[in-house]
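Just below is one structure, and these are the notes that go with it.
The values are calculated or read from the model by the stated rules, or taken from the named source; none is laboratory data. The shown structure was predicted, so the numbers you read here are calculated from the model rather than taken from an experiment. Cβ sites come from the backbone with ideal geometry, for glycine too, and all protein chains shown count toward neighbours.
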Amino acid sequence: MARMTMREAISRALWEEMERDESVFIMGEEVGVWGGTYAVTKGFYDHFGPDRVKDTPIAETAIVGGAIGAALTGLRPVAELMTINFAFVAMDHIVNEAAKLHYMFAGQFKLPLVIRATSGGGRQLGATHSQTPDAIFAHFPGLKVVSPGTPADAKGLLKSAIRSDDPVLFIENATLYQVKGEVPEDKDYLEPLGKSKVQREGDDVTIVAYSKMVQAALQAADMLAEDGIEAEVVDLRSLRPLDMDPVIASFKRTNRAVVAEEGWRSFGVGSEVSARIYELAFDYVDAPVKRVAQAEVPLPYNADLEQLALPQVEDIYLAAKEVVYG
Amino acid sequence: MAELVTMPKLGFDMAEGTLVRWVKAEGDTVEKGDVIAEIETDKATVEVESSFAGVMFKHLAEEGEDLPVNTPIAVVADEGEKPSEDEIESLVSAAGGKTKKAKAPKAEKEPESEEKKSEVEADAAPAEKDEPDVAPAGGVRSSPLARRIASDKDVDLSDVQGSGPRGRIVKKDIEAYLDSMRSEGREEEAEAVGRALQPIAFSTGEIPEDQVVAMSRLRQAISRRMQDSNQNFPHFYLTREYKTGALMQMRKDINALLPEADKVSVNDFIIKAVALALRQYPNLNARIEDDSHIRRFGQVNIGVAVAVEGGLMTVVVENADQKPIRLIGREVREMAERAREGKVRNEDIMGSTFSISNLGMFGIDEFAAIINPPEAAILAVSAVQDKPVVEDGELKVGSRMKATLSADHRVTDGAEAAEFMQVLANYLEEPMRLFL
Amino acid sequence: MDKKDYLSLYQEMVVIRRIEERSAELYQRGKIGGFLHLYIGQEAVCAGIGSVRQAQDRIITAYRDHGWAISAGIDPKIVMAELLGKQDGCSRGKGGSMHMADVDLNFWGGHAIVGAHIPIAAGLALGDVYQKNDEAVTICMFGDGATNIGFFHEGLNLSKVWNLPVLWVCENNQYGMGTSVGRASAVSEIRQKAEGYGMRNERIEGMDVMNVRKDVSRVLDTIRKEGGPYLLEIMTYRYRGHSMGDPERYRAKEEVKKWEEEDPIGIFRRYLVAEKIATEAELDTQDDEAEKITEEAVQFAEASPNPGKDELFEHIYVEPTPIEYRGYKLEKESEEN
């Protein structure tokens, strides 16, 4: 184990996988000479060279489309979209190609492809650069959508994503890059895709979260503990495939749940998770499931207004108090 | 320019008041801030001050009349001004009321307030709004889990009191109900009334005559309200002893840092602790609304009983859960002072949602208080005492304090009240929590 | 090229024509669903390119793909089975008319979103460069209409920036659905667009298969020798509507007639006879053979079973993944079992 930031964990995963497998390469805007706009691929260009760390034009369609083509030839491209907001430019390739080709051609096409993108607000980048549209991408069967909430998971999940033969959208929350945690140094440390994980145990209320909201949920759980409420925090880690087993197991004990996401509530992750709770554990429901999410506005630039719109630790805390009727 | 004086709203829960006495007679000069009338609410008697200067031109209400909030009660006119009946009429109708004994302009007021309510609700979370206000089929609001347990254990849900939002029966209510079924009969052993020591009669030779003393307005109000409470509110009582060692030490540490005037009392800690515990048990921070509804207050406003000449008043720490203890202490001290000096302000005594009576300073070991209506419960706090306790099998000296909760059985039940007392222990026995 | 090759090239073109004609019939009888885009009139392009490309060259095209599938080597039976949505189709009935592929034949599919396969083609070529498959060229077909969409720009730009071995082939049939090139494209010759990328380009005639063969093999040699992309605009004409049900209000019957006189099969037939490569009788035999192949394909497809229910959940992912929702009906069924 080593203590490192999520940025280092992701960088380490990429580095190790590139060392391990020649067919892994990176392509994206400013990944090479610049070292990545979030400095995740710093030093890669010098070490692996321009053929394996490919700077692309600012052309997301070419990045994702090109990566799909390369993946079809058996390579394992890691395509970086600077932010998920630019994924909309490449939406056709993510949705109509990456998510469909394997199925549509009855298994003939394989896409061992990873698309990395940062998501989330809170950095005063304005409405177009601050979205958390993760749920949109989780809508499509055929695509895997992964978003870690801890440095260890970031490493283990990214390595699994790179080794996966399926197309994976790997969403990193940019405000988590500085979060530190213990990360296994094993070069074959893998976390399974499509598996949720209990990040904190408790019997009074289940808080379901992923990505940045995992960190927020853990803080809220500490606050709740002060009030004598023990929260269980379940980290979804993957939005598709969505693993409800730990959520349902937890809910059957606590009978109460809060689902926290940074994106908007309407048609969001919380909507999906709470619907499944009602479907799978209706007889265990003791209080309506609460959803904590972003205020339904395009995120404003002003820092105070932006924070007002984004879900906070306190929101999770209060929602949990509400569902336990505390 | 003639101005209307209306029945003031003296607290968030005040709907009407009784005009007890006119202080300014018609024709009296009125300065801004002069007391013009005394009003009695279900909480206390308070004075109405004039916001205008001029002459008390006309009383629109008579002494003893019950009047809804905002009903015009008087006209104050400029010196020498003589407004006609028509002018007064139009003033009043402009204020949305009717002159004279318009006892219940409710029919006109209600729709307006309904409208407002729905506006407010439109802003609130839609999830809350969508929940129908009527109980679901079967007449009992309950969670799916509660229904499953009830059906497993053969419990008739209509026998169970719900503690969730809008009285929803949840798992813990069923469990409490099952527990109470198991321990039926135990309640009888409670209610052991302490026997008062009879004074030793002795003769001085001169036996004074009976005296009939006029009750002050305050006394009358206390008398009426306590009788109402004790007769109409089915009380039950729970006593618990709290370890207060840590609290006393903390108070000592804190006071060492504070100037004399700012020092905090044990009671200030208790106010804060109760307020925080009430946040977790909103059903005790409540009142009976009507035959089928309980109002759970959004604010936690703690009433603190203060002995004053000829009776007691309850001063109110508004939003006590939100305030630091030091501020609570200062507020209570200032309000109690005003109460004792007869200078209490309306806002000092209005709007309490739960009350505390502390007789610890008199060395009382244990007592039960009568609920301050229309609240759902009151906490009677006794003295902090060092006493022999057994800890880890050893006899030690421990700091202890007893408190008794009197609760309205229409609103809550033993188990819930007991849980509240237990949560209160968390705060009192580990007072660090009060600062988190 | 010996006589046998000429005859089989001729036969291939006739088979493509017959298969398309039968498809139109089957469509009208309700046996083929969805969209059906016929290749009739453009046979010389796929037959010409298909006969000069090498096995390592990747083929990728748009939704008008039946001709390409056959020319790439997929058995007409399998193509017809896919058209009928049957288990034996190349995509097991899950792709349909627009999504035919055979990876083993290096045929990377029909793609249904206009222009979306263009960046993918660049990626295929990138894969070859990365893996040092130096002799491989990716041949990417698209219609004239696709050159007006953004994918085209990003794909062509990337291919030039990275010097990828791609033969970009615009099959200019002069209509993007119902809109003529003149009404949709800023420049009248599609090949001009390559100039914007500093890319080699050329416009060639596409109704004569021998001409297509000659020009394409020359361009492929150039790419293999010099590397980098090349845009070929191949002039051709589709005799049928954009897809079945096209009212064809956008062009005059006379225009279609004029082009039909220039029919690629007719041109090739006249060439073979004139050059004494084959006799009319020999070619008639080929026609009969093609008819037979088509008839067998239809029979095979009709007899092929529908894909089983389990096929519905096959191939969503490569890795075993729990099926999240099976749909109301199937969930109900499995509950009852």
Residue within the range C:71-83 that is over 27 Å from C:I234 (Cβ atoms), crowded, with 24+ Cβ neighbours inside 10 Å and either over 16 Å from the mean Cα position of the chain (by Cα) or more than 14 Å from chain A (Cβ to nearest Cβ) (or both) present: yes
Any chance A:D186 is free of Cβ contacts under 8 Å to residues at least 40 places away in the same chain, part of a helix (DSSP H, G or I) and on the phi < 0 side of the Ramachandran plot: no
Residue within the range A:252-275 that is within 15 Å of A:V198 (Cα to Cα) and surrounded by fewer than 21 Cβ atoms within 10 Å (Cβ to Cβ) present: yes
Qualifying positions in the range A:33-70 - over 30 Å from A:H102 (Cα atoms), in contact with a Gly (Cβ under 6 Å, 6 or more places away or on another chain) and modelled with pLDDT of 95 or more: A:Y45
Filter result for A:G156 (farther than 27 Å from A:G69 by Cα, away from chain C (no Cβ under 13 Å) and of a type outside the set (S, T, Y)): no
Residue within the range C:11-19 that is under 15 Å from C:T294 (Cβ atoms), among the charged types (D, E, K, R) and free of Cβ contacts under 8 Å to residues at least 60 places away in the same chain present: yes
A:L224 being in a loop (DSSP other than H, G, I, E, B), at pLDDT 95 or above, touching an Asp or Glu at 6+ places or on another chain (Cβ under 8 Å) and not assigned by TED's automatic domain parsing to the domain that holds A:A138: no
Output for the range A:301-315, where each listed residue is part of a loop (DSSP other than H, G, I, E, B) and hydrophobic (A, V, I, L, M, F, W, C): A:L310
Answer from A:L14, A:L81 - the residue that is closer than 23 Å to C:G115 by Cβ, crowded, with 21+ Cβ neighbours inside 10 Å, away from every other protein chain (no Cβ under 13 Å) and in contact (Cβ under 8 Å) with a residue 40 or more places away in the chain: A:L81
Pair list, Cβ under 8 Å, 6 or more apart: the range A:216-242 residue free of Cβ contacts under 8 Å to residues at least 40 places away in the same chain and within 14 Å of chain B (Cβ to nearest Cβ), other residue part of a helix (DSSP H, G or I) and of a type outside the set (A, V, I, L, M, F, W, C): A:E226/B:R433; A:G228/B:N426
Qualifying residue in the range A:276-292 (condition: within 14 Å of chain B (Cβ to nearest Cβ), in contact (Cβ under 8 Å) with a residue 12 or more places away in the chain and more than 30 Å from B:S151 (Cβ to Cβ)): yes
Residue list for the range B:368-413, restricted to those being in a loop (DSSP other than H, G, I, E, B), over 14 Å from the mean Cα position of the chain (by Cα) and buried (at least 17 other Cβ atoms within 10 Å of the Cβ): B:A368, B:V411, B:T412, B:D413
Subset of the range B:211-243 [among the hydrophobic types (A, V, I, L, M, F, W, C) and under 23 Å from B:D413 (Cβ atoms)]: B:F233, B:F236, B:L238
Residue match in the range A:76-85 (condition: on the phi < 0 side of the Ramachandran plot and part of a loop (DSSP other than H, G, I, E, B)): no
Pairs where the first residue, in the range B:162-177, is hydroxyl-bearing (S, T, Y) and the second is outside any loop (DSSP other than H, G, I, E, B), C-beta under 6 Å, 6+ apart: B:S163/B:D173; B:S163/B:N283; B:S163/B:E416
Residue match in the range A:261-273 (condition: over 21 Å from the mean Cα position of the chain (by Cα) and more than 9 Å from every other protein chain (Cβ to nearest Cβ)): no
Single residue of the range A:25-49 satisfying the filter (crowded, with 16+ Cβ neighbours inside 10 Å and over 21 Å from A:A87 (Cβ atoms)) that is farthest from the other protein chains (Cβ to nearest Cβ): A:G35
In the range A:50-72, residue surrounded by the fewest Cβ atoms within 10 Å (Cβ to Cβ) [restricted to those that are assigned to a loop (DSSP other than H, G, I, E, B) and out of contact with any strand residue (DSSP E or B) (no Cβ under 8 Å at 6 or more places or on another chain)]: A:P50
Subset of the range B:274-325 (residues that are of a type in the set (G, A, S), more than 22 Å from B:D348 (Cβ to Cβ) and more than 12 Å from the chain's Cα centre (by Cα)): B:A277, B:S292
Within the range C:263-278, considering residues that are out of contact with any helix residue (DSSP H, G or I) (no Cβ under 7 Å at 6 or more places or on another chain) and over 18 Å from C:Y237 (Cα atoms), the one surrounded by the most Cβ atoms within 10 Å (Cβ to Cβ): C:R270
Selection count, the range C:87-112, where residues are more than 21 Å from C:I32 (Cα to Cα) and more than 8 Å from chain A (Cβ to nearest Cβ): 4
Single match in C:A112, C:A101 (criterion: surrounded by fewer than 24 Cβ atoms within 10 Å (Cβ to Cβ) and of a type in the set (G, A, S)): C:A112
Selection status of A:D165, over 26 Å from A:R265 (Cβ atoms), charged (D, E, K, R), in a loop (DSSP other than H, G, I, E, B) and away from chain C (no Cβ under 14 Å): no
